[in-house]
Each structure stands twice: as C-alpha cells, then as structure tokens.
Amino acid sequence: MEFIYTDSIELNESLALDLFPLADKYFISALKTLCEQYLSAHLSPENYVAVANLAETLEVKSLRESAIAYIVKNVKVLKNRKDFEGISDDLLRDVIVKVTAR
C-alpha cells in the first residue's frame with residue numbers, strides 16, 4: 001500500500017521477492033520494475049534460485065537473463081550447492097548452453 005500512495009518504497013530481498021508477483025498480478029508496472037531492478041542487482045548464492053524461478057514463472061525475460069548470467073558466471077561455486085537442484089529444467093538447459101558456449 002505504501003507504494004501505491006507514495007510511489008516509492010525501500011526494498012529488501014524478502015520484500016522484493018514477495019511484492020514482485022503481486023505487482024505482476026495487479027499490473028503495477030512501476031513496482032514490478034523496481035522489484036525486477038532490485039532483484040537483478042542483488043543476486044546472491046542465497047537467492048539466485050528463488051529469483052531465477054520467479055523470473056521463469058512470471059516470464060520476465062530480462063530478470064531471467066540476469067539470473068542465467070549470474071549462474072553462468074558463478075557456476076563453479078553454485079553447482080556444488082544443494083539448492084542448485086532447485087533450478088527449473090528450462091533454466092538449467094539455458095545455463096548449460098551458455099556455459100558450453102564459453
């Protein structure tokens with residue numbers, strides 16, 4: 001509600017992950033853009049699976065590409081993490097294509 005009245009919001013990872021699907025559902029494009037930008041800029045080993053799968057679910061191409069680029073860049077570290085198995089098959093396929101193309 002804060003964003004609707006003030007057109008501004010202080011995001012953190014949890015809030016951005018929670019608000020992004022709501023902004024998409026209720027067509028609040030400015031909030032959706034803010035969440036997308038925040039998540040893209042704050043990808044980490046702790047959130048990359050959630051962000052990548054959210055981008056896949058909501059069909060947000062630019063966030064999906066950011067997540068794929070992050071995974072490809074950090075694949076040596078991330079592939080050994082248990083949560084790596086949580087990446088969707090479509091995302092994993094695209095990651096493999098990019099890794100092998102390097």
(Q) So for the range 10-32 (the condition being small (Gly, Ala, Ser) and assigned to a loop (DSSP other than H, G, I, E, B)), does at least one residue qualify? (A) no
Q | Residue match in the range 70-86 (condition: in contact with an Asp or Glu (Cβ under 6 Å, 6 or more places away or on another chain) and either free of Cβ contacts under 8 Å to residues at least 60 places away in the same chain or surrounded by 12 or more Cβ atoms within 10 Å (Cβ to Cβ) (or both)) | A | no
Q) Out of the range 33-83, which residues are within 17 Å of Ser14 (Cα to Cα), out of contact with any helix residue (DSSP H, G or I) (no Cβ under 6 Å at 6 or more places or on another chain) and of a type in the set (Val, Ile, Thr)? A) Thr33
Q. Of all residues in the range 45-59 being of a type in the set (S, T, N, Q) and out of contact with any Asp or Glu (no Cβ under 8 Å at 6 or more places or on another chain), which is surrounded by the fewest Cβ atoms within 10 Å (Cβ to Cβ)?
A. Thr57
Q. How about the range 24-37: which of its residues are hydrophobic (A, V, I, L, M, F, W, C) and buried (at least 21 other Cβ atoms within 10 Å of the Cβ)?
A. Leu31, Cys35
Q | Residues within the range 49-102 that are farther than 13 Å from Leu39 by Cβ, outside any helix (DSSP H, G or I) and of a type in the set (A, V, I, L, M), tallied | A | 1
Q. Does Leu11 count as touching a residue at least 24 places away in the same chain (Cβ under 8 Å), more than 21 Å from Ser88 (Cα to Cα) and surrounded by 12 or more Cβ atoms within 10 Å (Cβ to Cβ)?
A. yes
Q: Taking the options Ser40, Ser62, Ser66, name whichever one is loosely packed, with under 13 Cβ neighbours inside 10 Å and either at pLDDT 95 or above or touching a Phe, Trp or Tyr at 6+ places or on another chain (Cβ under 7 Å) (or both).
A: Ser62
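The values are calculated or read from the model by the stated rules, or taken from the named source; none is laboratory data. All values derive from a computational prediction rather than experimental measurement. Note that we place each Cβ from the backbone using ideal geometry, even for glycine, and neighbour counts take in every protein chain shown.
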